Amino acid sequence: FHISADEGVRFAINGALLVDNWNENGPVNLEKSVPLIAGDKNEIELELRNSSGGASARVEWSSPSTPRALVPEDHLFPVMPARLNPSALDRHFKIPPGLVLRDGGFVASTILRASETQVKVAGELGKIPFSAVQVARIICQPLSVSLASKIKPGRSGVLLVNGDFVEGEFRSLDTNKVEFSSVLFGRRTYDFKREVLVVALRDGRPETWNYELQLSDQTRLFVSNIRVSPGGITLLDSAFSQQTLPSSLVIQLKRHTDKTSFAEAAGLN
């Protein structure tokens, strides 16, 4: 493999880091050899660091029977990343406050208010009125894996700090209280900051997506289309109200389609 980049770069195959020149500040041209079996699929990951100006990277390959050239597009296949799944996380990990979206995405943010139809968050995504039907979970306080496992599929309700799960229908949330109604207890009010860990609205439902964005605050979004411009990355998806995110917030952008290239997203061709 022949790796060219204008700044720091990392390159890995099947999780094995072959190139680790992350702190380089100038152009690099590197070559690394690895034995692969013809016909087998291998996971390839290229990371590029960009501190100023434009960014560029190039991956080529060669072999005794293949002249040096770009890896052919028909040899590249998208990889579906693991969705946010607390049971698969390290037991010491805690999910921060925010929204778990039905498509597996996650919005790390303080929750300002919510109703049966809409959820509002603070921070950079605060301009987006999230539809409640998009939301699977509202995480009110840092959530451990063991407590997250108490929410069983198909159940809606509220998970309390003491570990109890009360089934019911969500009504509203503000900075002070969460209101729920249940068959057993009728309409109940809980202290948002002291009593409630999670509001469980509905189960997740994976959807088709083309791009995954990871932000510096642990937010992870799955988006159908984007537009890249000097002003940032615009989420061309009705679910995100075509919000534009500053490029400085995005730490990783992954493409999951063979229909649209990054160049097309940036309007370069």
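Listing for the model above:
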item	result
Qualifying positions in the stretch 134-155 - in contact with a Gly (Cβ under 7 Å, 6 or more places away or on another chain), in a loop (DSSP other than H, G, I, E, B) and open to solvent by less than 50 Å² (accessible area, probe 1.4 Å)	none
Search result, residues across the stretch 97-133 that are assigned to a strand (DSSP E or B) and either more than 22 Å from Asn210 (Cα to Cα) or open to solvent by 30 Å² or more (accessible area, probe 1.4 Å) (or both)	Gly98, Ile111, Leu112, Arg113, Ala114, Gln118, Val119, Lys120, Val121, Ser131
Cβ-Cβ under 9 Å pairs, at least 6 apart or on other chains, the stretch 125-139 side basic (Lys, Arg), far side buried (at least 20 other Cβ atoms within 10 Å of the Cβ) and not in a strand (DSSP E or B)	Arg137/Ala148; Arg137/Ile151; Arg137/Leu201
Only one of Ile13, Ile3, Ile44 that is more than 30 Å from Ser229 (Cβ to Cβ), surrounded by 14 or more Cβ atoms within 10 Å (Cβ to Cβ) and touching a residue at least 12 places away in the same chain (Cβ under 8 Å)	Ile13
Lone qualifier among Lys120, Lys127, Lys152, Lys193 - being within 30 Å of Gln242 (Cβ to Cβ), among the charged types (D, E, K, R) and out of contact with any strand residue (DSSP E or B) (no Cβ under 7 Å at 6 or more places or on another chain)	Lys127
Residue count, the stretch 108-118 (criterion: under 19 Å from Val158 (Cβ atoms) and in contact (Cβ under 8 Å) with a residue 40 or more places away in the chain)	6
Subset of the stretch 16-41 that is at pLDDT 85 or above and exposed (fewer than 10 other Cβ atoms within 10 Å of the Cβ) - its residue that is nearest to Leu249 (Cα to Cα)	Asn29
Residue satisfying all of: in the stretch 156-173; under 18 Å from Gly204 (Cα atoms) and touching an Asp or Glu at 6+ places or on another chain (Cβ under 7 Å); least open to solvent (accessible area, probe 1.4 Å) among these	Gly157
Residue tally, condition assigned to a loop (DSSP other than H, G, I, E, B), in contact (Cβ under 8 Å) with a residue 60 or more places away in the chain and either of a type outside the set (Asp, Glu) or within 17 Å of Arg102 (Cβ to Cβ) (or both), over the stretch 213-235	2
Search result, residues across the stretch 47-72 that are in contact with a Lys or Arg (Cβ under 8 Å, 6 or more places away or on another chain) and open to solvent by less than 50 Å² (accessible area, probe 1.4 Å)	Glu60
Members of the stretch 238-264 found to be at pLDDT 55 or above, open to solvent by less than 50 Å² (accessible area, probe 1.4 Å) and in a helix (DSSP H, G or I), listed by number	Ala239, Phe240, Leu249
Single residue of the stretch 174-212 satisfying the filter (assigned to a loop (DSSP other than H, G, I, E, B) and free of Cβ contacts under 8 Å to residues at least 24 places away in the same chain) that is surrounded by the most Cβ atoms within 10 Å (Cβ to Cβ)	Phe185
Residue that is among the hydroxyl-bearing types (Ser, Thr, Tyr) and at pLDDT 80 or above, where the choices are Ser63, Ser51	Ser63
Meets criteria (modelled with pLDDT under 80 and over 30 Å from Ser4 (Cβ atoms)) for Arg91	yes
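The values are calculated or read from the model by the stated rules, or taken from the named source; none is laboratory data. From a predicted model like this one, the values you see are computed outputs, not experimental measurements. Reconstructed Cβ throughout: ideal geometry from the backbone, glycine too, with neighbour counts over all protein chains shown. Protein only, heavy atoms only, side chains kept; ligands, DNA and RNA dropped before computing areas. Shrake-Rupley method; radii C 1.70, N 1.55, O 1.52, S 1.80 Å.
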